[in-house]
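Q: Encoded as structure tokens, here's the structure I'll be asking about.
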Amino acid sequence: MDEQALLGLNPNADARYRQRAMAYFEQLKESQDAWEVCAEALAKGIYNDDHVKFFCFQVLEHQIKFRHAGLSAVQQQLIRETLMKWLQCQLMNTQPEKPFIRNKAAQVFALTFIMEYLTLWPKFFFDILSLVGLNPHGVDIYLRTLMAIDAEVVDRDILHSPETRRNTLIKDTMREQCIPNLVESWFQILQTYQQSHPELTCQCLEVVGAYVSWIDLNLIANDRFVNLLLSQMSVEELREEACDCLYEIINKGMDPVDKTKLVESLCQVLQSVGFFNVEQEEDVDFLAKFSRLVNGMGQSLVLSWTKLAKTGNVKATAETLQAMEAKVPLLLQLLVHEDDDISANIIGFCYEYLHVLKQLPQLTDQQKTNIEAIMLAVMKKLTYDDEYNFENEGEDEAMFVEYRKQLKMLLDRLAQVSPELLLEAVRRVFTNTMQNWQTAPFMEVEVAIRLLYMLGEALPASHGAHFSGDTAKASALQDMMRTCGHIMFKNYEKLMKIPLTNVC
């Protein structure tokens, strides 16, 4: 290799060397066989410089991605041998490569898999697993490769339209040939490394969460695997990733009755070990993940209820509604939590639960109680906290404004479900606050007035006329508007001194 050109790979190299390095890179990319020196360097571990290693992987990546079809059978075999020899070296190294090198290696492994799995390398995973075993350095590359394959073949956030048919064929072939073996390897990794290498366990949980959307759920949603995942919910270093993994399992499409049973079995275990005692948990990052998991379970129950209601299965529909409503106390704890991220993550379930209530012919007393509790939670969370900076609004303030919009959607849905209860709740809060508005904290006065404004937008009105038709509604709104007008008339000069941003 051109040693002088390689000097230009160093970030601190001067412009002349960097230009030479770029020219050398182009030369190696375009040559029919010059890239083979990079393959040899990787296979034999000739260079210790991280930038040179990365450079060699880039050259190899270009050949696989853009010139694979034009390579001879011998050259294609050379690529396979290079990757496996490099991987074998990793097993013997005392220290792993830098993360950016491991990520690039995983991308090259993934590209080779995509090009050759269906034709030249059907035993891709078996070869890798038989080589790495449970060696931590090897397992790390294996897991990174799986995530790189997911990004290329499966990830729905990335568009692959020209390769859709190929990707479907790859997934179908994997289901038939190797997925059970991969799942077993994941179980062994999770079980082996949860104490000694939590970072590998978290990587593996991420892989499970990524792949569960398209593999046979029975391979994961069984007592053996789920109990292991639930046990990791109690390990501080693992529980956030375990939450995300369980969330992906819950989101998997399945029969509504089976989905309800799965959610209920998870909830029973989580409740039995104390996860429902939200007020005792101090780790807000974990609670944000847990809130997202509960939201997923709740939305899954709503979807199951909707499907069952359409089939006319009265017994299963009632059982699913009962399961859904059993989660409302937990929903309320999370919704009213002082951390807005935790609260925001449960809003989806709350909104859809209210939509279910809207479809019921008659509300029970408990359901009315639930509605009132949600109303009070929304009203409380609408209130500015003491740290809100009105004079210099930044990112935190912008996030709260967006969060308020989500709460407004809940308030609108509450108005659709039970306008009478919402009207009475707002009237109670408004009256209690405005009676002592001069001594009450600004935040409380602001939210009382804002609730009146939101109420006017949320309540159904005939052609925009709120003060005609329903006498009780018109009377309540008139009383609140009259109170506002009276305060403004009596305190005009004082109010004119309040900054406009504080009253709008």
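The values are calculated or read from the model by the stated rules, or taken from the named source; none is laboratory data. The structure presented is a predicted model; accordingly, all values stated were derived computationally and were not measured. With ideal geometry, Cβ positions are generated from the backbone for all residues, glycine too; neighbour counts draw on all protein chains shown. Please note that ligands, DNA and RNA were not included when accessible areas were found on the heavy atoms of the full protein model with its side chains. Shrake-Rupley method; radii C 1.70, N 1.55, O 1.52, S 1.80 Å.
Q: Would you please list the contacts, defined by Cβ atoms under 7 Å and residues six or more apart or on different chains, that run from a residue in the range 88-108 that is touching a residue at least 12 places away in the same chain (Cβ under 8 Å) to a residue that is surrounded by 16 or more Cβ atoms within 10 Å (Cβ to Cβ) and of a type in the set (Val, Ile, Thr)?
A: Going by the 7 Å Cβ cut-off, the qualifying pairs are GLN90/ILE141; LEU91/VAL132; ARG102/ILE141; ALA105/ILE141; ALA106/ILE141; ALA106/THR145; VAL108/ILE64.
Q: Would you pick out the residues in the range 348-359 that are of a type in the set (D, E, K, R) and crowded, with 19+ Cβ neighbours inside 10 Å?
A: Result: GLU352, single match.
Q: Let me confirm something: among GLU176, GLU237, which residue is acidic (Asp, Glu), without any contact (Cβ under 8 Å) to a residue 60 or more places away in the chain and in a helix (DSSP H, G or I)?
A: None of the other options fit; the residue is GLU176.
Q: Among (1) under 25 Å from ASP340 (Cα atoms); (2) open to solvent by 90 Å² or more (accessible area, probe 1.4 Å); (3) in a helix (DSSP H, G or I); (4) not β-branched (Val, Ile, Thr), where does GLU393 come up short?
A: With (1) under 25 Å from ASP340 (Cα atoms); (2) open to solvent by 90 Å² or more (accessible area, probe 1.4 Å); (3) in a helix (DSSP H, G or I); (4) not β-branched (Val, Ile, Thr) applied to GLU393, the lone miss is (3).
Q: Next up: Please find, within the range 27-51, the residue that is most open to solvent (accessible area, probe 1.4 Å) out of those that are in contact with a helix residue (DSSP H, G or I) (Cβ under 9 Å, 6 or more places away or on another chain) and not in a helix (DSSP H, G or I).
A: GLN32
Q: State all residues of the range 247-298 that are open to solvent by less than 60 Å² (accessible area, probe 1.4 Å), small (Gly, Ala, Ser) and outside any helix (DSSP H, G or I); if no residue qualifies, say none.
A: Within the range 247-298, just GLY274 meets the criteria.
Q: So which residues in the range 307-325 are open to solvent by 40 Å² or more (accessible area, probe 1.4 Å) and either under 21 Å from the mean Cα position of the chain (by Cα) or over 20 Å from LEU410 (Cα atoms) (or both)? I'd like the intermediate steps shown before the answer.
A: Looking only at the range 307-325, we keep the residues that are open to solvent by 40 Å² or more (accessible area, probe 1.4 Å), and these are 307, 309-315, 318-319, 322, 325.
Scanning the range 307-325 gives LYS307, ALA309, LYS310, THR311, GLY312, ASN313, VAL314, LYS315, ALA318, GLU319, GLN322.
Q: Where residues in the range 360-377 are free of Cβ contacts under 8 Å to residues at least 40 places away in the same chain and assigned to a helix (DSSP H, G or I), which of them is surrounded by the fewest Cβ atoms within 10 Å (Cβ to Cβ)?
A: ASP365
Q: Still on this structure, please answer the following. Are there any pairs with C-beta distances below 9 angstrom linking a residue in the range 307-320 that is touching a residue at least 24 places away in the same chain (Cβ under 8 Å) to a residue that is charged (D, E, K, R) and exposed (fewer than 13 other Cβ atoms within 10 Å of the Cβ), with the two at least 6 apart or on different chains, and if so which?
A: Close Cβ pairs (under 9 Å, with a partner that is charged (D, E, K, R) and exposed (fewer than 13 other Cβ atoms within 10 Å of the Cβ)) amount to LYS307/ASP255.
Q: Now, a different point. Answer with yes or no whether VAL302 is touching a residue at least 24 places away in the same chain (Cβ under 8 Å), closer than 26 Å to ALA415 by Cβ and touching a His at 6+ places or on another chain (Cβ under 8 Å). Please lay out each step first, then the result.
A: Numbers: touching a residue at least 24 places away in the same chain (Cβ under 8 Å): yes; closer than 26 Å to ALA415 by Cβ: yes; touching a His at 6+ places or on another chain (Cβ under 8 Å): yes.
In short, yes.
Q: Sticking with this one: Does the range 148-181 hold any residues that are over 15 Å from MET115 (Cβ atoms), open to solvent by 10 Å² or more (accessible area, probe 1.4 Å), among the β-branched types (Val, Ile, Thr) and at pLDDT 90 or above, and which are they?
A: Matches in the range 148-181: THR168 only.
Q: Mind checking which residues of the range 408-463 are open to solvent by 40 Å² or more (accessible area, probe 1.4 Å), part of a helix (DSSP H, G or I) and among the hydroxyl-bearing types (Ser, Thr, Tyr)?
A: Passing the criteria: THR431, TYR453.
Q: Out of all the residues in the range 329-347, which are closer than 12 Å to GLY298 by Cβ, touching a Ser or Thr at 6+ places or on another chain (Cβ under 7 Å) and surrounded by fewer than 24 Cβ atoms within 10 Å (Cβ to Cβ)?
A: Scanning the range 329-347 gives a single hit, ASN345.
Q: Just give me the residues in the range 380-390 being open to solvent by 10 Å² or more (accessible area, probe 1.4 Å) and closer than 23 Å to HIS337 by Cβ, in sequence order.
A: Across the range 380-390, the qualifying residues are LYS380, LYS381, THR383, TYR384, ASP385, ASP386, GLU387, TYR388, ASN389.
Q: What single numbered condition from (1) at pLDDT 90 or above; (2) open to solvent by 80 Å² or more (accessible area, probe 1.4 Å); (3) farther than 22 Å from ASP140 by Cα fails to hold for ILE64?
A: (2)
Q: Here's something else I'd like to know. Based on what the data block shows, is ARG404 open to solvent by less than 60 Å² (accessible area, probe 1.4 Å) and under 14 Å from LYS381 (Cβ atoms)? Outline the logic, then answer.
A: Values: open to solvent by less than 60 Å² (accessible area, probe 1.4 Å): yes; under 14 Å from LYS381 (Cβ atoms): yes.
Considered against the rule, which asks whether it is open to solvent by less than 60 Å² (accessible area, probe 1.4 Å) and under 14 Å from LYS381 (Cβ atoms), ARG404 comes out as yes.
Q: Here is a follow-up. I'd like the full set of residues that are in contact with a Leu (Cβ under 9 Å, 6 or more places away or on another chain) and not charged (D, E, K, R), limited to the range 345-364.
A: ASN345, ILE346, ILE347, PHE349, CYS350, TYR351, TYR353, LEU354, VAL356, LEU357, LEU360, LEU363
Q: Here's a follow-up. With the requirement that a residue be touching a helix residue (DSSP H, G or I) at 6+ places or on another chain (Cβ under 7 Å), part of a helix (DSSP H, G or I) and aliphatic (A, V, I, L, M), what does the range 213-225 give you?
A: If the condition is that a residue be touching a helix residue (DSSP H, G or I) at 6+ places or on another chain (Cβ under 7 Å), part of a helix (DSSP H, G or I) and aliphatic (A, V, I, L, M), then LEU219 is the only one that fits.
Q: Let me ask something additional. Restricting attention to the range 182-212, and to residues there that are open to solvent by 50 Å² or more (accessible area, probe 1.4 Å) and assigned to a helix (DSSP H, G or I), which single residue is nearest to SER234 (Cα to Cα)?
A: My answer is GLN191.
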